[in-house]
Every structure is written in C-alpha cells, then in structure tokens.
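Note sheet for the following structure.
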Amino acid sequence: MTTTASSMPSPVSAAPDPRAPLPIATPRSEDSKVLVASQWKLMFWRFRRHRLAMVCTVVVLFFYVVALFAEVIAPLDPNKVYNLYRYAPPQPISFLDKDGGFSLRPFVLGMKSSRNTETLRITYVPDPTKRFPVNFFVKGERYKFWGLWESDVHLLGLAPDAPANTPFFLLGTDRLGRDMFSRIVYGARISLSIGLVGVLLSLVFGILLGGISGYYGGWLDAVIQRIIEFIRSLPTIPVWMALGAAMPPKWPPEYVYFGITIILSLLGWTGLARVVRGRFLALREEDFVLAARLTNCSESRIIFRHMVPSFASHIIASITLAVPGMIMSETSLSFLGLGLRSPVISWGVLLQEAQNIQTVALFPWLLIPGAAVILIVLAFSFVGDGLRDAADPYGR
Amino acid sequence: MTTNTPVQTGTVPAGAVDGDLLVVRDLVKHFPIRKGFWSKVVGHVRAVDGVSFNVRQGETLGLVGESGCGKTTTSRLVMRAYQPTGGTIHFRDRTQGWLDIPTASATQVRGVRRNLQMIFQDPYSSLNPRMTLLDIIGEPLMVNGVAKGSELQDRVAELLRLVGLHPEYMARYPHAFSGGQRQRVGIARAIALEPQLVVCDEPVSALDVSIQAQTLNLLEDLQARLGLTYIFVAHDLSVVQHVSTRVAVMYVGRIVECAPTEDLFFSPKHPYTEALLSAVPTPDPTRRGSRIFLAGEVPDASNPPPGCHFHPRCRYAADICRTTVPPLTEIAPGHTVACHMSGQLSLTGVHA
C-alpha cells in the first residue's frame, strides 16, 4: 500500500481521492496465476503438496486401470481349471538364474510335482532346469473385451515357443487349480466397481435427504435426523445378513451384484447426508448467501450457483473416504457367504477360500486378495485425507 | 443514471414528512429461545423492541450502540432479511411509491430490493470465494435482467472504476484482494442496481484503521455522485460522527436518542449517550476528559429491566425510571430523546 491514508492515525482524517485506483496488490502470493485461479485449481495446488495423497492417487488409479483392462492384464482365463496344478505356489518372475547369471529378459522356472510320501500331498517345487521367458503382449486364450470385442492379446505371458499347458501362475493357484493372479485382477473389477456404484447411490440418497434436512430445517430436519440416528444404531452385520438372506438365492449374478450395492448404499447414505446437511446449515448463514438473496437471486440459483459449488469439494472428499468402507463391506459380506457367490469373482469371494487354518498355514498365497483390499482401502483413505485438507482452499 | 426522485404513490405513512425515504414505526423483533428435545420456546430475545425512526432522502443516518443492542437486527429487518414481530417499515420506492416492507408481496419485495441494498461488515464472508469479481458484481445486474453479455462486462468495469479498482481485476477471485479491496467489491455490488437506500452494516469495522478512511471517503463520494441515502450502522463513534447527518443511539433494542450529528455529539440529552461519548478516545492527552464508567453489564435482551432499560446503570435514575418506559419525545427541533430526566439534566458531550 502506498496511499498516504495508510499513515493517518484516525479514520476521520482526509484521504486522497477514494476512487483513485489502488495499486495492484498481491497480498497472498507473488504468483499472478493465483489471482485468477478457480477453486479447483487452488485445491489441486494444495492437494499436490500432500505427497502421500499424491502417491496413493497413483495407486488408486493403477488399481482402477487394472480393473478396467482386466481381460488384457490377466494372463489366463480366471475360470479355467488346471487339474494338474492344484494349490500350486506362486512362480516369481526372475532375472537371475541358478548360478547367479543375469538375463535381461525375465523368465519363470518350470514346476515339478512330487508326492510327499508321509502326507501323500502333492507338492510343487521349481524346476531350475526349465526356463520359460516372459514376454509382453503375447497371444493367449481368446476373450471378449468388455463383452464387445474379441481378442487374444494379453499383457503378460510366456513366449510363444513354450509348450502348451506350461504353468504360468504368478500368484499361485487355488483349490481347483485356477490362476490366482487372473482371479484377483478380475475380482478387482467387481470389488472396486461395487465401491463406486454403492457410493454414488448413497450420494443420491445423501444429497437428497441431507439437502432437504439442511436447507428446509424444522420438523423435516428433525424427522430425517432421527431416521439417520436409527439407521446408524443398527448393528451392520446382522442387518446385512438379514437383507442378504432376503435376496432370492436363485437370482442371477448381475441381480445379486445390484442387490448388494443397493443394500450397502441403503445403510451407507447416512454419513454423506450428515455432511451435506452440515454444509447447508453452515452456508445458509453465510453473508454471501444473504447477499445473493437480497439481490433477488432465485432459490435454485442460490442453491446451485452459491451453495453447491461451496460444498462440492467437501462432498468429493467425503465420497473418497466412503469408498473404502463400501469395498470393505462388500468383501465382508461375500467372505461371510452372504454377498456375491461363485462363479462371480470378487475379492470377498476369493477370500472365502482362505477361511480355514489349513489354507492359511499351507497355502498363504490364497490371502493375497486380502492384501489387495488393504492396499486399496489405505490408498483411498490417504487420497480422501489429502482431498479433505485441500477441500477448503480459502481457510483463513 | 436514473433519477432518484421517487414517484409519489401509495399511502403516505403516518409521521412521514416530505423528503422522508424510510419511515420505521414501533419495529419489534423477538427471537424465540428454544430448549430441549421438543424445541419448546422458553423465552424471547427482544433484539429490537419498539424502534421508530425516519430516514430522509440523501442523508446518512448513523445507528450506534454497543454490540447486541439490536442495530444489526434493525438493519436486516429493513432489508427484510428477517420478518419483524411487529411494526411497520414504510419505504418510498422509486417505482412503486410507499410500501410497507414487512407486509409487501413477494413481487413488491423483488422490486424494492432493486432500490434497497446492503453492504456487509465482513468483506471475507460476504463475497463468494468461488466467483470472480465479474460474477459477484454482475450478479445483481444479471439476475434482475438489467444487463448481460458484453454489456454486463462494461457495466462491471464501470462499477469497478467507480469504487477505485482496475477493471482488469474482473477475472480475479476475491482471494486476490485485501480486506479493503474486497469491501470495495462489496460496495460495487451494492450500488450496481443504483439503489435509493444502502444499508451499511458496520462497513468499516472489520478493516484496518488505515483502510477505513479510504472506504469512508469512497462511500461519501458515491453518495454525492449517485444521490444515495445511507443507514450507517456502526459502533465506532468517530466514524459515525464523520459520516452521519443524523445519529440514532440504540440501547438494548430501543432508540434512546436521535438527533442531528452536531447536536448529539455536543449536547447529548440522554445519560447513555453521554457515557458513550465520554468513551471516545481523544488523540490529545492534555484534553482527555473524565471518562464515565458505567456500573454493571449491558442487560440481557431476553430479560431486560423494567422501565427505562438503562436505569440500573444510570447515575441520574429516579423512581419513575424504574417503573415507566420513557417515551421518545422531541425536546428540540429534530432532537428526540427517551429519558424522564432529560429536561433537568445538563450533560457533557465531546469537546468542541
């Protein structure tokens, strides 16, 4: 500030022409980009500073890309049974051969099966004499991408010169000899999409009921809040069990899928409704909303031009924080056998295989879907954290 | 610029003098206090309790008082941001003539709001941080169908120039501006529709002292150029003295004294005004008078004392003050006061 008035002690002293343009002041930042930056830009700049959240965003995106391109990324048909390789252990991709020699092209070792003479169990050990190089974009089993286009290109696979039925189980196989890696990739599609669809459904309920509650207030607000309190007081697992059991067991898998999402969102909308209500209540008292009302803005303009943009970022953060809850819920339901069932592949369904101590002790690779759940849930939580911190870039 | 001479239609309210723009009579606003699970009303905050005043065309009426005395509520009642519990607010609208704001229809209120605007105290919360200056200042013009498109941009540029901001700032967001600059944006929004009356709700109390002078001069300048009338709500007496033509002093929901600025500051007639004036800081240490320290606290507006609200703290209180509410009476031309003892007292104002 260079105006002379700034040195005057009292407000009643004279100042120069009040309409003389003020010097261009950039009080918050020297960067002129900031001055014309919309809230989304400001939010993104702030979000970018949250390292962990950035890393986790990449992780989340990676998972969703995998889910989207499951057919290409899975090397094998997830439902194909390899009779000769039941409970086969993971075959790690390796660059070093047995004498420590380095090969630029990655390879997997073959597998030898032998029967344990005491337990009569078939065990598999790597066969260092057989090396099968791993290639990118190889032709393999035919599939229909998104059920639309036929193709046979897989991201990973054994080089074409490998003999047919050579094992290529990066994360081992299950009880029937199905490839775990392919199953996890396909499971991501169901588990991750249930999270999103469920949250979107509960967002519809949440915005509608929370918005009515917060904007109109009064007895309507009281009724909706009591309903929310009631729903939140229900113990979730028994209610899931009841609702899950209410679904006819003969329903085709798609119906069960939507049934599950609806069950999850019927119970999950309450949190979002509270967020929306709280924002409406806070914004209703803001001066800029009163100012808009006093300049004859219509109700819809006040809601959609002033209030919704002000809490959209908070909603996005809440959604992100709600997705892992949905994923967890689906996993628990399916794990308990109340949600999705085989032949549908979801992480919860895969974890059903790991329900007894025998598998956990002898075939620990059946727990890998659990690791995937943990990873995505953590990643989502950190992204949500970062978004929540960035949601209000105007905090004073 | 359209003319500010209003059309004389509608019923002229009682007590209106020629040249009045706003006539407020017996304005009452009680806010219910709710408690418990069933939100039962257990009492009322008498925020505004029988306020009457007139605002004349082209003047600035200062409304002063401590925080919680009801001055902001009064100003918002005039804007019909709240519905009053009782009383009338007659406004001489430029196009519709005299209208009682609380009972006016929705269409009439829409019309009135083009001629009745508000400047807010907090330059931060009164501007939507997610809208550019063009959107903020242009909104009243757009919503009321005054201008759109490039015409809107031209009008906003003109308004920005009028309040001393570069028109190039139009694309910027409020976060690019300091408090004083933001308040200029708020002023530009308020004058966008060329209103007759602007209610300034403590427009400078959130600003640095150095910026206050600029902003006050801007308001005075705009008043002269656009023929505006102001209701200027404030608690800073030096600011009020500077800008007001007349001043009304409020205490716990009532007006205790109303007079032209000079009269009020140099010969106050109400003991509360006297005490308030004695608290004005004087920059000259040799001329610091004896400050009157009031005993006790400002009474609770949900349970005010009977009679004159000020009697528990008043040095001159007599028996009648404890039982009877003093009426607002004119004791000199244009000087009204609500005090039983006003005829017998000789009070000190600020030093000339």
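Read-outs throughout are calculated quantities, based only on the coordinates presented, and are distinct from any laboratory measurement. Because the structure is predicted, anything quoted here is derived from the model rather than measured. Here the Cβ positions follow ideal geometry from the backbone for every residue, glycine too, while neighbour counts run over all protein chains shown.
Principal axis lengths of the range B:90-151 from Cα atoms, whole Å, largest first?
Principal-axis extents of the Cα atoms in the range B:90-151, largest first: 36, 30, 17 Å.
Starting from the Cα gyration tensor of chain A, multiply each eigenvalue by 5, take the square root, and state the resulting semi-axes largest first in whole Å.
That gives 54, 30, 17 Å for the three semi-axes.
Per DSSP H run of at least 4 residues, take -39500 (n - 2.57); add these up for the protein assembly as shown, divide by its residues and hand me the 222 nm value, nearest 500 deg cm²/dmol.
Mean residue ellipticity, 222 nm, calculated: -13000 deg cm²/dmol.
Would you work out which of B:Q183, B:N115, B:A213 lies farthest towards the positive end of the dipole of the range B:107-237? Charges go on Cβ: Lys and Arg +1, Asp and Glu -1.
B:N115
Roughly how tilted is helix B:179-191, in degrees to the nearest 10 and between 0 and 90, from the longest Cα axis of chain B?
80 degrees
Using unit Cβ charges (K, R positive; D, E negative) and no other charged atoms, how large, in debye to the nearest 20, is the dipole of the protein assembly as shown about its Cα centre?
1640 debye
Based solely on C-alpha atoms, express the radius of gyration and the Dmax of the range B:10-82 in angstrom.
Calculated on Cα positions, Rg and Dmax stand at 15.5, 52 Å.
Considering just Cα atoms, how many Å³ per residue does the convex hull of the range A:38-161 enclose?
Cα-based convex hull of the range A:38-161, divided per residue, equals 208 Å³.
Once you sort the root eigenvalues of the Cα gyration tensor of the range B:268-352 as a ≥ b ≥ c, which label holds: rounded (a/c under 1.5), prolate (a/b larger than b/c) or oblate (the other case)? Before the final figure, lay out the partial values.
Working: a/c = 2.33, a/b = 1.41, b/c = 1.65.
Oblate.
Which whole-angstrom value gives the distance between the alpha carbon centres of the range A:228-303 and the range A:43-80?
27 Å
May I ask you to list the chymotrypsin sites (Phe, Trp or Tyr not before Pro) in the range A:105-206 that are in a DSSP loop and have at most 13 other Cβ atoms within 10 Å of their Cβ?
Passing sites in the range A:105-206 are A:W146.
Given charges of +1 on the Cβ of Lys and Arg and -1 on the Cβ of Asp and Glu, with all other atoms neutral, how large is the dipole of the range A:91-168 about its Cα centre, in debye to the nearest 20?
With Lys and Arg at +1 and Asp and Glu at -1, about 100 debye.
Rounded if a/c is under 1.5, else prolate if a/b is larger than b/c, else oblate: which is the range A:91-168, with a ≥ b ≥ c the root eigenvalues of its Cα gyration tensor? Walk me through the numbers before you get to the answer.
Numbers: a/c = 3.17, a/b = 1.44, b/c = 2.21.
Because a/c hits 1.5 or more and a/b fails to exceed b/c, the range A:91-168 counts as oblate.
Using just the Cα positions, wrap the range A:134-205 in a convex hull and report its mean projected area in square nanometres, one decimal place.
Its Cα hull, projected and averaged over all orientations, spans 6.8 nm².
To the nearest Å, what is the center-to-center distance of the range B:7-76 and the range B:161-184, using C-alpha atoms only?
If we compute the Cα centre of each part, the gap is 32 Å.
Arrange the following residues from fewest to most other Cβ atoms within 10 Å of their Cβ: A:S265, A:S151.
Going from least to most buried by this count: A:S151, A:S265.
Apply the Karplus curve 6.51 cos²θ - 1.76 cosθ + 1.60, θ = phi - 60°, to the phi angles in the range A:263-268 and return the couplings in whole Hz, x for Gly and Pro.
4, 5, 6, 4, 8, x
Please list 3J(HN,Hα) in residue order for the range A:370-387, calculated via the Karplus relation 6.51 cos²θ - 1.76 cosθ + 1.60 where θ = phi - 60°; whole Hz, with x for glycine and proline.
The phi angles translate into x, 4, 4, 4, 4, 4, 5, 5, 4, 4, 4, 4, 5, 4, x, 4, x, 5 Hz.
Relative to the compact globular guide of 2.2 N^0.38 Å, what is the alpha carbon radius of gyration of the protein assembly as shown, as a ratio?
Here the answer is 1.35, to two decimals.
Stokes-Einstein at 10 °C, 1.306 mPa s, Kirkwood radius from Cα pairs: D for the range A:182-390 in µm² s⁻¹? Don't jump to the answer; show the numbers that get you there.
Values: Rh = 18.7 Å.
The diffusion coefficient I find is 85 µm²/s.
No solvent, one uniform scatterer per C-alpha: report log10 I(q)/I(0) for the range A:196-251 via the Debye equation at q = 0.26, 0.30 1/Å, two decimals.
The computed values of log10 I(q)/I(0) come out as -1.04, -1.08.
Hey, could you get me the Stokes-Einstein D for the range B:20-244, Kirkwood radius over alpha-carbon pairs, 25 °C and 0.890 mPa s, rounded to whole µm² s⁻¹?
134 µm²/s
Over the C-alpha atoms of the range B:229-269, what are the Rg and the largest Cα-to-Cα span, Dmax, in Å?
When restricted to the Cα atoms of the range B:229-269, Rg and Dmax are 9.7, 26 Å.
Would you kindly state the longest site-free stretch of chain A, with sites defined as GluC sites (Glu not before Pro) in a DSSP loop (not H, G, I, E, B) surrounded by at most 12 other Cβ atoms within 10 Å? All intermediate terms of the calculation are to be shown ahead of the outcome.
Values: sites that count: A:E30, A:E118, A:E285.
The reported range is A:119-284.
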